[in-house]
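*Asks:* Take a look at this one; I'll ask things after.
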Amino acid sequence: MTAGGFDFSKLDNILDQFQTEFIEDAGDNLTEVGELLVSWQNGERDGESTLSEIRRSAHSIKGMGGTFGFPTISIIAHRLEDYLSDAKSLSGAHARDTQKFLDSMQGILDAGAEPSQADIKGILRRLPAKWSPDFNQQAGHVEVLVAINSDVLRKAVEREFFSLGYRMVSAGSGLEALQFAVNMRPDAVIISAVMDDLWGTDVARALSAMEATAHIPVGLLTSFDDDRLGKLPPSVVIIHKGKDFANGLADLAGVIKVTQDRP
């Protein structure tokens, strides 16, 4: 097909070539990570350098997946990064779980196509969950996406929800939180009102406006008073920093429970 003298079939061929190259490059990357794990298990590598290399590979795959038509691979790679984010050195549990992330990405590459939306949630929920050493319990089926611009507050939020057995996944920016929410369909989103790129107030409005995500409870973490928050959807739970912080988290947990109990 041509338009204005431009042959769009050539563009399709170029895109197909890029996608094929991504599948090959990502497959090689996953193979290299698998070989790193074997070398570490054989005592040929130390845990710190192996962990660093795994993170580097995951970051590389994350950056390319969405560009070449595999956003779910990008999400899995990000979740591997997030899962290992608090690790100081590779452990046996980290190695076993890392292999599960690799297998999930390889399965999509082998299929040569992005999974259906119906399959994505199942793939992501089968991935190992990030856990807290204070609450070393089996994570349940409730998944909470957090995008908080303070490590101290993020860890405080995660601690509270880990104690409920929730699975926690972190996003690094407002835009990333919006993208992940659309693709992951988490059971809740907690986001700071002020983010470096896309503010949490805008993310909350966008999620509420889209049919695919309108049902997802959103908690907005803020130090603003209600008058400065603008016209937020009434369903958004305001979590004020300070003395009411714990009450706000409890309110959101209650909303999540009600949502989960619906038939």
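*Asks:* Name the pairs: first residue in the stretch 119-144 and farther than 22 Å from G219 by Cα, second residue at pLDDT below 85 and of a type in the set (F, W, Y), Cβ to Cβ under 8 Å, at least 6 apart or on different chains?
*Replies:* Q137/W131
*Asks:* Tell me, yes or no, whether the stretch 40-47 has at least one residue that is surrounded by fewer than 14 Cβ atoms within 10 Å (Cβ to Cβ), among the hydrophobic types (A, V, I, L, M, F, W, C), in the same structural domain as A87 (by TED's automatic domain parsing) and in a helix (DSSP H, G or I).
*Replies:* No, that holds for no residue.
*Asks:* Identify the residue in the stretch 102-128 that is touching a helix residue (DSSP H, G or I) at 6+ places or on another chain (Cβ under 6 Å) and polar (S, T, N, Q) and, among all such residues, is surrounded by the most Cβ atoms within 10 Å (Cβ to Cβ).
*Replies:* S104
*Asks:* Suppose the filter is closer than 30 Å to E114 by Cα and either touching a residue at least 40 places away in the same chain (Cβ under 8 Å) or surrounded by fewer than 18 Cβ atoms within 10 Å (Cβ to Cβ) (or both); does E211 pass it?
*Replies:* When the stated conditions are applied, E211 passes them.
*Asks:* While we're here: Modelled with pLDDT of 95 or more and either closer than 10 Å to V146 by Cβ or not hydroxyl-bearing (S, T, Y) (or both): is that true of L207 in this structure?
*Replies:* Yes.
*Asks:* While we're on this one: How about the stretch 77-101: which of its residues are assigned to a helix (DSSP H, G or I), buried (at least 22 other Cβ atoms within 10 Å of the Cβ) and among the aliphatic types (A, V, I, L, M)?
*Replies:* Scanning the stretch 77-101 gives A77, L80.
The values are calculated or read from the model by the stated rules, or taken from the named source; none is laboratory data. As the structure is a prediction and not an experimental result, all values here were calculated from the model. A quick note on method: Cβ atoms are made from the backbone with ideal geometry, for glycine too, and the neighbour counts reach across all protein chains shown.
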